[in-house]
Amino acid sequence: MSEEKDYWEEFKTYAVETAIETAFKAIDTNGSGTLSAGELVNLVTMVNSFHDTKINPTEDQMKILMLTVDTNLDGVLSLDEVKKLLLGK
């Protein structure tokens, strides 16, 4: 039973990471491999399209999010930084 649980946990992690990577690539409209502040707004818009509860952060909240998640302070978000935000890894 433990092996089966481990398998499903591993599968779930893989599926979530794959979904994040796919969404990241779709939102990275200029193909830079990073998300700008404008592209981050597109991410929020995409999330809103899938949920009844609308998340409407202010411009200041978006800036704070960028500063918090942008750990290398290059002004954009890498896939790794987004994964850390969403997965806590």
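Every read-out reported here was derived from the displayed coordinates using simple, explicitly stated rules and does not represent laboratory data. Bear in mind the structure is a predicted one, so any value in this text is a computation, not a measurement. For neighbour counting, all protein chains shown are included, and Cβ atoms are generated from backbone atoms with ideal geometry for every residue, glycine included.
Running a GNM on the chain with Cα contacts under 10 Å, which residue among Leu65, Leu40, Leu73 ends up with the highest mean-square fluctuation? In this elastic network of the chain, the residue with the biggest mean-square fluctuation among Leu65, Leu40, Leu73 is Leu73.
Maximal additional length on extending the Asn56-Tyr7 stretch stands at 13.9 nm, based on 0.36 nm per residue less the C-alpha distance.
Counting other C-beta atoms within 10 Å, which of Glu3, Glu21, Glu39 has the fewest, and how do the rest follow?
Numbers: Glu3 7, Glu21 13, Glu39 17.
Starting with the residue having the fewest Cβ neighbours, the order is Glu3, Glu21, Glu39.
I'd like to verify something in the chain: which complete DSSP H helices, judged by Cα projection on the helix axis, reach 18 Å or more and average at least -1.0 on the Kyte-Doolittle scale? Working shown, then result.
Values: long enough: 2-27 (37 Å, -0.64); 37-50 (21 Å, 1.02).
Helices passing the filter in the chain: 2-27, 37-50.
Once you charge only the Cβ atoms, +1 for Lys and Arg and -1 for Asp and Glu, what is the size of the charge dipole of the stretch 2-87 about its Cα centre, to the nearest 20 debye?
Values: 7 positive and 16 negative charges, 61 e Å.
With Lys and Arg at +1 and Asp and Glu at -1, about 300 debye.
The list (1) 6.5; (2) 13.5; (3) 7.0 gives values of mean projected area of the Cα convex hull in nm², and only one came from this structure; which label was calculated from it? It is the value labelled (3).
Scanning residues 5 or more positions from Ser78 or on other chains, those with amide H under 5 Å from its amide H are Leu35, with H placed 1.01 Å from N in the peptide plane. Using alpha-carbon positions, what is the distance between the centroids of the stretch 30-89 and the stretch 10-28, in Å? After rounding, the separation between the Cα centres reads 14 Å.
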